[in-house]
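These notes are about the structure you will find just below.
Every read-out reported here was derived from the displayed coordinates using simple, explicitly stated rules and does not represent laboratory data. Keep in mind the model is a prediction, meaning the values are calculated, not measured. With ideal geometry, Cβ positions are generated from the backbone for all residues, glycine too; neighbour counts draw on all protein chains shown.
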Amino acid sequence: MLGHGGMMPRHELTDQEWELLAPLIPRAVTGRPRVEDRQVINGMVYKIRTGISWRDLPERYGPWNTVCTRFRRYALDGVLTRALHQIQARADAAGDIDWLVQIDSTIVRAHHAHL
């Protein structure tokens, strides 16, 4: 998703990061339309990088509660931790994976706080 002037917002995934992460994200199992995966993941990354509350997420990421719910589901199901491990295994191709490390450390803290 491009911001003003065709620039990638600095708190969102690069195309390279998304290409690495996309195959690791579970597909929707229901027929209901849902917010685009990349949009939701960008919302998660934005929240982690900025430290804002879920309720203050910019609308471009979809409903804040959708982003929050999916983050919790991915955290509890181990999706983001598995993604981190797989991307770390290919770190030479991944480039900057600091954002995923931040997400993983947030999951660890969230588990201790009993999501």
At 7 Å along the Cα-to-beta-carbon direction for both Gln16 and Arg49, put a label point, then send me their distance in nm to one decimal. 1.4 nm
Please compute the net charge surrounding Asn65, taking Lys and Arg as +1 and Asp and Glu as -1 over other residues with Cβ under 11 Å from its Cβ. +3
With θ set to phi - 60° and the Karplus curve 6.51 cos²θ - 1.76 cosθ + 1.60, what are the ³J(HN,Hα) couplings of the stretch 74-84 in order, to the nearest whole Hz, using x for Gly and Pro? 5, 5, 5, 7, x, 4, 5, 5, 4, 4, 4
